[in-house]
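Everything on this sheet refers to the single structure shown next.
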Amino acid sequence: MLNNVCKMIVKHYVLKEKIKLEDIDMYEYCFEVLLSTVINLILLLVIGFGTGNYIGTITFGVAFMLLRGAYGGYHAKTHVGCSLVLLVTFASLIVTIEFVDKMVLSYLGIVFLVLSLLIFIIIGPVDNENKRMSGEEKRRKRLLGLVMISILISVYIPLVWFSLTLTYGYCIAFTMAAVALSLIIGKVKDKIKAKQCRKLKVKKYEM
């Protein structure tokens, strides 16, 4: 459905001669990403503000966008799937904040932070089959990612020192862990896909 909406928007601008015919695919992809991001943000705000987690919602949203923009990761096959994954992740964050003791959250935050840092350094960034990155792009993304991580950690450290702001620090660590897990899933999925492609090529060659 989202794809059809984007096609209609692009078609409108093509008819107005604002977009060239050879750029249709690029603009359709850009509009899909933009609309999908806006929809996901609206859903997060509705759930977050509905549960009273205003600052936590904003913290999660900002950290998630910064890290995903730099490191990429797993992408579901449909935009509905992406939205569901995001909402389940965010719901998990809200549940832990509401029902887990703050002292436990502080230790969990440290574990999440350390593990996610290792994953980011070892396997990040991760592209996907719809948008492959060149070696130079990966180097730029890796540098950007390190900058984003440095910013998030510099915000995380003072937050966890105080009981009133500890949960916001935990939001940052949880989000980093969620994106790091996304990198692992994306990497595994990509390797499985590549292995399947190699098998198909071998079969075609044998035939």
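If THR96 satisfies all but one of (1) open to solvent by less than 70 Å² (accessible area, probe 1.4 Å); (2) not in a helix (DSSP H, G or I), what's the number of the condition it fails?
(2)
Considering only segment 63-78, state which residues are open to solvent by 60 Å² or more (accessible area, probe 1.4 Å) and over 10 Å from the mean Cα position of the chain (by Cα).
Result: LYS77, THR78.
For segment 134-190, give me each residue that is open to solvent by 60 Å² or more (accessible area, probe 1.4 Å), under 25 Å from LEU87 (Cα atoms) and touching a Gly at 6+ places or on another chain (Cβ under 9 Å).
Those that are open to solvent by 60 Å² or more (accessible area, probe 1.4 Å), under 25 Å from LEU87 (Cα atoms) and touching a Gly at 6+ places or on another chain (Cβ under 9 Å): VAL155, TYR168, LEU181, ILE184, ILE185, LYS187.
Name the pairs: first residue in segment 27-40 and open to solvent by 50 Å² or more (accessible area, probe 1.4 Å), second residue at pLDDT below 70 and not in a helix (DSSP H, G or I), Cβ to Cβ under 7 Å, at least 6 apart or on different chains?
TYR27/ILE19
Does segment 94-112 contain any residue that is under 15 Å from the mean Cα position of the chain (by Cα) and in contact (Cβ under 8 Å) with a residue 40 or more places away in the chain?
Checked against the condition, which is being under 15 Å from the mean Cα position of the chain (by Cα) and in contact (Cβ under 8 Å) with a residue 40 or more places away in the chain, segment 94-112 yields no hits at all.
I'd like the full set of residues that are assigned to a helix (DSSP H, G or I), at pLDDT below 80 and open to solvent by 10 Å² or more (accessible area, probe 1.4 Å), limited to segment 47-62.
Selection gives ILE47, PHE49, GLY50.
Does ILE119 qualify as being in a helix (DSSP H, G or I) and farther than 16 Å from ALA180 by Cα?
So ILE119 does not fit the description; no.
The values are calculated or read from the model by the stated rules, or taken from the named source; none is laboratory data. None of the values given here were measured: they were computed from a predicted structure. So basically every Cβ, Gly included, is an ideal-geometry build from the backbone, and we count neighbours across all protein chains shown. Areas reflect the complete protein model, heavy atoms only, side chains present, ligands, DNA and RNA absent. Shrake-Rupley method; radii C 1.70, N 1.55, O 1.52, S 1.80 Å.
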